[in-house]
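The values are calculated or read from the model by the stated rules, or taken from the named source; none is laboratory data. Not measured: the values here are computed from a predicted model. Cβ placement follows ideal geometry from the backbone for every residue including glycine, while neighbour counts extend to all protein chains displayed. When the accessible area is computed, the model is the full protein with side chains, heavy atoms only, and any ligands, DNA or RNA have been set aside. Shrake-Rupley method; radii C 1.70, N 1.55, O 1.52, S 1.80 Å.
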Protein chains: 2
Amino acid sequence: MFEKLRAYIEKHIKLTEEQFDLLKTCFVPMKLKKGEFLQRAGEVTRYGAFVVSGCLRKYVIDAKGKEHILYFAPEDWWVGDIESGLHQLPSLYFVDAIEHSDVLQIDLPSHQKIIEAMPAYASQYQLGLQKHMASKDKRIVAALSTSAEERYLEFLKTYPSIAQRVPQHMLASYLGISPETLSRIRKQKR
Amino acid sequence: MFEKLRAYIEKHIKLTEEQFDLLKTCFVPMKLKKGEFLQRAGEVTRYGAFVVSGCLRKYVIDAKGKEHILYFAPEDWWVGDIESGLHQLPSLYFVDAIEHSDVLQIDLPSHQKIIEAMPAYASQYQLGLQKHMASKDKRIVAALSTSAEERYLEFLKTYPSIAQRVPQHMLASYLGISPETLSRIRKQKR
DNA sequence: CCTGGGCATTGATATAGATCAAGAAATGAA
DNA sequence: TTCATTTCTTGATCTATATCAATGCCCAGG
């Protein structure tokens, strides 16, 4: 498990053995069966996680009882709700496993400890946040301005592997369209 | 101009005189008339800016020639396109003044210098990014799941002062609805 | 090897909101 | 002030997508 994390981090920065040891003390390995929750709305988020294998999803349930998926988190992604953890506020989001998954859990104080101990990690983290912001901006524009079909095709292009492994109704939820509409779009593309 | 920036930063962290002097060397004051651009799509972003007074907007023009406003930036907000500046890629976004505005420009290297010189600023910046992420997530969910009317009312609640000062068709563009629809929604609410 | 409950498909209908078009009102430049 | 331009409003259609409903499918657990 830890080797996967190491490999991921070393894509960007070199780790000394001591640094790797620090990481090992901060993350806690955990297995999740399909359908198990890492976090439920209403709870204050205590942990974020790095996904070693499998796939999780983060989603809200809105006032009308509908699910809306914020993102899928397959291998090498991070999930959590920093906002909630930071301000000790109940989270709006659920996080659960849509496949049997292995994750490395970390709490916010430990993460902060890593940031303080490893400046290179800190700036890598900052870069990651900035990158994420940019992709969220794109998604906002797409949601506001493009058709269901355009969003679907764009998703296929951007995340081909995710498109293949998640159930269709979840993809629909991510795209903000009904499962029926997605089914019709796909039919038409055949 | 600089006093406004100082007051803004000192909401979160204390500044010594030396630190304030450093800031003064990093930011360049600039006046923008209504309609003037801080940045155009296609250009590599060189500067971000802190808005001292007035109001700017960041927006895209999509394939069909339509504008979509990402956000408004009145006093005490920041604008820019870090993604573009960071990777030296042409930006997708325009930034222009919708009122006569005063801004303090800063380039990415200077900003990085501040982050390295002032750890408290760095962590404040990190907090800011995280907070922004959370609000963008909310906007994504809203865009995908709520009606035009709901989004309008939510905007009024969240940014009452912005709602009053920006032209209605820009608000419509931000909300992802046509100006006609927004006009009808407002009529109904009277 | 059954079998039942989630998934996907398909059809029929309803509707929010877009688009087109035209007039009214506001804004600002001269 | 006056004229011109931009913005806002209102009405009449049109369309993408939701919703409702029925059917078939498939694979997971007994």
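Straight-distance candidates among the aspartates and glutamates for linking to residue A:189, with alpha-carbon spacing under 13 Å and chain neighbours fewer than 8 residues away dropped: A:149, A:150.
Taking chain A as a Gaussian network of alpha-carbon nodes connected by springs under 10 Å, the highest mean-square fluctuation of the residues A:102, A:81, A:137 belongs to A:137. Straight-line reach from residue B:33: taking Cα to Cα under 14 Å and skipping same-chain neighbours fewer than 8 places apart, the aspartates and glutamates in range are B:96, B:99, B:102.
Sequentially through region B:91-96, phi angles give Karplus couplings (6.51, -1.76, 1.60; θ = phi - 60°) of 6, 8, 10, 9, 10, 9 Hz, Gly and Pro residues having no value and appearing as x.
In sequence order, region A:168-180 has phi-based couplings of 4, 5, 6, 4, 4, 4, 4, 7, x, 10, 7, x, 4 Hz under the Karplus curve 6.51 cos²θ - 1.76 cosθ + 1.60, θ = phi - 60°, and Gly or Pro positions carry x. The distance between label points at residue A:163 and residue B:24 comes to 5.6 nm (points 7 Å beyond Cα on the Cα→Cβ vector).
For residue A:43, the residues whose modelled amide H falls within less than 5 Å of its own, excluding neighbours fewer than 5 places apart on the same chain, are A:91. Comparing A:174, A:59, A:125 in a Gaussian network model of chain A (Cα springs below 10 Å), the most mobile by mean-square fluctuation is A:125. Each Lys and Arg contributes +1 and each Asp and Glu -1, all at the Cβ; summed about the Cα centre of region B:1-136, the dipole is approximately 320 debye. Note on chain A: with a GNM built from Cα contacts shorter than 10 Å, the maximum mean-square fluctuation among A:76, A:96, A:21 falls on A:21.
Counting charges near residue A:62 (Lys, Arg +1; Asp, Glu -1) among other residues having Cβ under 12 Å from its Cβ returns a value of +1. Per residue of peptide B:56-63, the mean number of Cβ atoms on other chains within 10 Å of the residue Cβ is 2. The mean count of C-beta atoms from other chains within 10 Å of the C-beta of residues in B:127-140, rounded to a whole number, is 6. Pairs to check: A:66/A:187; A:64/B:66; A:34/A:58. Give those whose C-alpha atoms are more than 20 Å from each other in this structure. With Cα atoms farther than 20 Å apart: A:66/A:187; A:64/B:66. Close amide-amide hydrogen proximity is noted between residue A:53 and A:102, each under 5 Å apart and 5 or more residues distant or on a separate chain (H modeled in the peptide plane; Pro and chain starts excluded).
Cβ-Cβ distance of residue B:17 and residue B:153, R₀ of 41 Å, FRET efficiency by 1/(1 + (r/R0)^6): the value works out to about 0.35. Inter-copy label distances at residue B:53, using a point 7 Å along Cα-to-Cβ, come to 6.3 nm with the shortest given first.
Taking Cα atoms only, the orientation of helix A:148-158 departs from the longest principal axis of chain A by about 40 degrees. Only protein heavy atoms count here, probed at 1.4 Å, and on that basis chains B and A bury about 3200 Å² of accessible area in total. Across the identical copies, the label point of residue A:113 (7 Å from Cα in the Cβ direction) is separated from its matches by 3.6 nm, in order from shortest. Here region A:78-190 is assigned +1 on the Cβ of each Lys and Arg and -1 on the Cβ of each Asp and Glu. Its dipole about the Cα centre then comes out at about 700 debye. Using a 7 Å projection from Cα along Cα-to-Cβ, the label point at residue B:131 is separated from the same position in the remaining copies by 2.6 nm, smallest value first. Taking 19 Å as the straight-line reach from the Cα of residue B:11, the aspartates and glutamates in range (excluding those fewer than 8 positions away in the same chain) are B:3, B:21, B:75, B:76.
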